[in-house]
1. Given (1) without any contact (Cβ under 8 Å) to a residue 40 or more places away in the chain; (2) closer than 19 Å to Pro77 by Cβ; (3) open to solvent by 30 Å² or more (accessible area, probe 1.4 Å), identify the lone condition not met by Ile163.
2. Suppose we filter region 10-34 for residues that are among the β-branched types (Val, Ile, Thr), within 15 Å of Leu140 (Cβ to Cβ) and at pLDDT below 90; how many remain?
3. Among the residues of region 135-156, write down those that are in contact (Cβ under 8 Å) with a residue 40 or more places away in the chain and hydrophobic (A, V, I, L, M, F, W, C).
4. Condition first: farther than 19 Å from Ala61 by Cβ and at pLDDT 90 or above. Now tell me which residues in region 35-44 satisfy that.
5. Considering region 41-64 alone, what residues qualify as being free of Cβ contacts under 8 Å to residues at least 40 places away in the same chain and within 20 Å of Glu137 (Cα to Cα)?
6. Just the residues that are in a loop (DSSP other than H, G, I, E, B) and open to solvent by 60 Å² or more (accessible area, probe 1.4 Å), please, taken from region 12-49.
7. Looking for whichever is more than 14 Å from the chain's Cα centre (by Cα) and not charged (D, E, K, R) here; the options are Val19, Val15, Val8. Which one fits?
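The values are calculated or read from the model by the stated rules, or taken from the named source; none is laboratory data. In this text, all values refer to a predicted model and were calculated from it rather than measured experimentally. Heads up, the Cβs are rebuilt from the backbone with ideal geometry, glycines too, and the neighbour counts pull from every protein chain shown. The protein model used for the area step is the full one, side chains on, heavy atoms only, and it has no ligands, DNA or RNA in it. Shrake-Rupley method; radii C 1.70, N 1.55, O 1.52, S 1.80 Å.
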Amino acid sequence: MFNVGEQVVHPQHGVGHVVRLEDREFGSGVKRRYYEISIAGAGSTLWVPFDPPSFGLRKLAGRSEINRCRQILASRPSPLTDDARSRQSALAERLKQGTIRVQCEVVRDLFAFGEHKSLYGSMAGFFRQTQNVLCEEWALVEGVTLAEAIQEVQSLLERSRSIVNKSKA
């Protein structure tokens, strides 16, 4: 699993590090073991169950995974349902798989969806948060600034858009 001090990524909350393992009781009256995760950029603490599933908690990606992400972000997006509630539920469920690959697919697909149907409200926030978490990790792994990571991800998403536009022509 994860060691104290290790950097980890939560797909919905961002990059953080494991502070400690602790037995806690949250509402259910049952004590369970949790990772205490300090989320760097947000200045917040997240408690993630030690027992699987750990809700997508994972180690930082490696450089080879970022190279694969470049291919995913620039590839043809998958269509998403028009029903907002179903779409957000399905995407959140996918993120729980906890891979950077899935995170890239979700960002790519929502970016493309936003091209023909405006993203608003909670879906726009979900997209921004997912993209921010991806870019934060990208910057750390690649050793670049957050601004540079955002710029590269945006450029790759634009390439994905051009694939869709070419196929419509």
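1. Of (1) without any contact (Cβ under 8 Å) to a residue 40 or more places away in the chain; (2) closer than 19 Å to Pro77 by Cβ; (3) open to solvent by 30 Å² or more (accessible area, probe 1.4 Å), only one is false for Ile163: (1).
2. First pass over region 10-34, keeping only residues among the β-branched types (Val, Ile, Thr): 15, 18-19, 30.
With the extra rule that they be within 15 Å of Leu140 (Cβ to Cβ), the set shrinks to 15.
Among the residues that remain, those that are also at pLDDT below 90 are: none.
Of the residues in region 10-34, 0 are among the β-branched types (Val, Ile, Thr), within 15 Å of Leu140 (Cβ to Cβ) and at pLDDT below 90.
3. Once the filter is applied, which keeps residues that are in contact (Cβ under 8 Å) with a residue 40 or more places away in the chain and hydrophobic (A, V, I, L, M, F, W, C), region 135-156 yields Trp138, Leu140, Val141, Val153, Leu156.
4. Within region 35-44, the subset farther than 19 Å from Ala61 by Cβ is 36, 38, 42-44.
The answer is Glu36, Ser38.
5. Step one: of region 41-64, the residues free of Cβ contacts under 8 Å to residues at least 40 places away in the same chain are 42-49, 51-52, 64.
Hits for region 41-64 are Ala42, Gly43, Ser44, Thr45, Leu46, Trp47, Val48, Ser64.
6. Initial filter on region 12-49 (in a loop (DSSP other than H, G, I, E, B)): 12-13, 26-30, 40-43.
Gln12, His13, Phe26, Gly27, Ser28, Val30, Ala40, Gly41, Ala42, Gly43 - these are the residues of region 12-49 that are in a loop (DSSP other than H, G, I, E, B) and open to solvent by 60 Å² or more (accessible area, probe 1.4 Å).
7. Working: Val15 fails: more than 14 Å from the chain's Cα centre (by Cα); Val8 fails: more than 14 Å from the chain's Cα centre (by Cα).
Result of the check over Val19, Val15, Val8: Val19.
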